[in-house]
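Contents: one structure, followed by commentary.
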Amino acid sequence: MLGDWIKLLRPRQWTKNLFVLAPLVFARKMFEPRLLALSLLAFVLFCVLSSAVYIINDAIDIEEDRRHPLKRNRPLAAGRVAVSHALLLASVLAASSLVIAWLIHPLFGPVMSAYLALNILYSLWLKKVPIVDLVSIAAGFVLRVVGGAEVIQVDISRWLVLCTFCLAFFLGLGKRHHELLTSNSDSRRSLAGLSPRSLTRWEYTTLVVTMLAYLAYTMDPETVSKFNTHALALTSPFCLVGMLRYLKLVHRKTDLTPTDALVTDLPSVLNVLGWGATAVGIIYFSG
C-alpha cells in the first residue's frame, strides 16, 4: 500500500527538477550557504509540486492508462489507490508548495504558479496536440530554470535558456518515440501521424540545434568574460555523448520509461557526473 503511494509521487521524475539548480551553479554561487539553501529549498518545492501534477495527470488519464500495456499498472489505473484520496493528496501538495514559494520570494511564487497552470493545461488539452505538447514540456523545464534564478535573484544567459528549451524538447521527443514503440497511435492523440522514422529525424535535428546552442553559450563573450576562460567548451563532448546515449535507450522497446532508463543506466549516470565535475571545475577553479 505504501509502495503504491510512493509510486504515485513519481520520485524518479524528480531528477528533472535538478534544472532548478542550474542558475546557482552557472552564477558561481554554489558555495554561498544562503543561496545554496534557497536553491535546494526551491528544488524540494518543485519536487513536491511536480508530484501533485503527476497525480492530477494520472487522475485525468485514468481510462486511457487502463488501455495502455504499461501505464495500466499505475496505482490509479490499477485501482490500488482511490482517485478521491489521490486528488486530496495532490491538493495538499500543491497548496503547501505554492504557499511556501510565495513566502520565499514574490517572484518565485508566480513562476511556481505558472508551472502548475501550464501542467494542468497540458493534462487537459495541450498534450493532445502534436508538437504543442512537446513545446509545453520544454516550457516547463524553462520555468524550472527561471524559478531557480528568481529564488536567488541572479540573471541567466539567454543561451542557457535556449539550451534548456532545446534539451527538454529533445527529451520529450524521446519520450514520444518510446510511447510509439510500446503502444500505438490510438493510445494518445499527440502520436497521431507520427512514425519512428519521422521522430528520429526530429530527434537528430533537435540534437544538432541543442549542441549548437550549448556551444554558442560556452563561447559567448559574456560567458568567457564571466568565467575568464574558453574552457567551458570542453564540456560539450559530454553533452553529445549523453544525448546519443539517451537516443539509444529510448529506441529500445522496454518496459522502462525514458526517465527510468536514464537514471538507472550506469554509462548515462557516469557521463552526467563527468559533465558536472568538469563544468564545476572549469567554472569555479579555472581562470
Legend entry - Qualifying positions in the stretch 233-253 - exposed (fewer than 15 other Cβ atoms within 10 Å of the Cβ) and not in a helix (DSSP H, G or I): R252, K253
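Listed residues E203, E222; which is touching a Phe, Trp or Tyr at 6+ places or on another chain (Cβ under 9 Å) and either in the same structural domain as Y122 (by TED's automatic domain parsing) or under 30 Å from L107 (Cβ atoms) (or both)?
Going through E203, E222 in turn, the sole match is E222.
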Inset, instruction - Evaluate the stretch 177-197: report whether one residue or more is outside the structural domain of W125 (by TED's automatic domain parsing), outside any loop (DSSP other than H, G, I, E, B), farther than 20 Å from K128 by Cα and modelled with pLDDT of 95 or more. - result: no
Legend entry - Where I62 falls short, out of the listed (1) of a type in the set (A, V, I, L, M); (2) touching a Leu at 6+ places or on another chain (Cβ under 7 Å); (3) at pLDDT 95 or above; (4) more than 30 Å from G276 (Cα to Cα): (3)
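Residue-by-condition table, conditions (1) at pLDDT below 95; (2) of a type outside the set (A, V, I, L, M); (3) over 26 Å from S91 (Cβ atoms):
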{"residue": "L24", "(1), (2), (3)": "no, no, yes"}
{"residue": "P33", "(1), (2), (3)": "no, yes, yes"}
{"residue": "A37", "(1), (2), (3)": "no, no, yes"}
{"residue": "L41", "(1), (2), (3)": "no, no, no"}
{"residue": "L45", "(1), (2), (3)": "no, no, no"}
{"residue": "L49", "(1), (2), (3)": "no, no, no"}
{"residue": "V53", "(1), (2), (3)": "no, no, no"}
Legend entry - Hits in the stretch 264-278 (condition: of a type in the set (A, V, I, L, M) and either under 16 Å from R12 (Cα atoms) or crowded, with 16+ Cβ neighbours inside 10 Å (or both)): L266, V269, V272
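Okay, residues lined up against (1) free of Cβ contacts under 8 Å to residues at least 60 places away in the same chain; (2) β-branched (V, I, T); (3) buried (at least 17 other Cβ atoms within 10 Å of the Cβ):
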| site | (1), (2), (3) |
| --- | --- |
| L2 | yes, no, no |
| I6 | yes, yes, no |
| P11 | yes, no, no |
| W14 | yes, no, yes |
| V20 | no, yes, yes |
| M30 | no, no, no |
| P33 | yes, no, no |
| S39 | no, no, yes |
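The values are calculated or read from the model by the stated rules, or taken from the named source; none is laboratory data. Since the structure is predicted, the reported quantities are computational estimates derived from the model, not experimental observations. Neighbour counts are summed over all protein chains in view; Cβ atoms, including those assigned to glycine, are modelled from backbone coordinates with ideal geometry.
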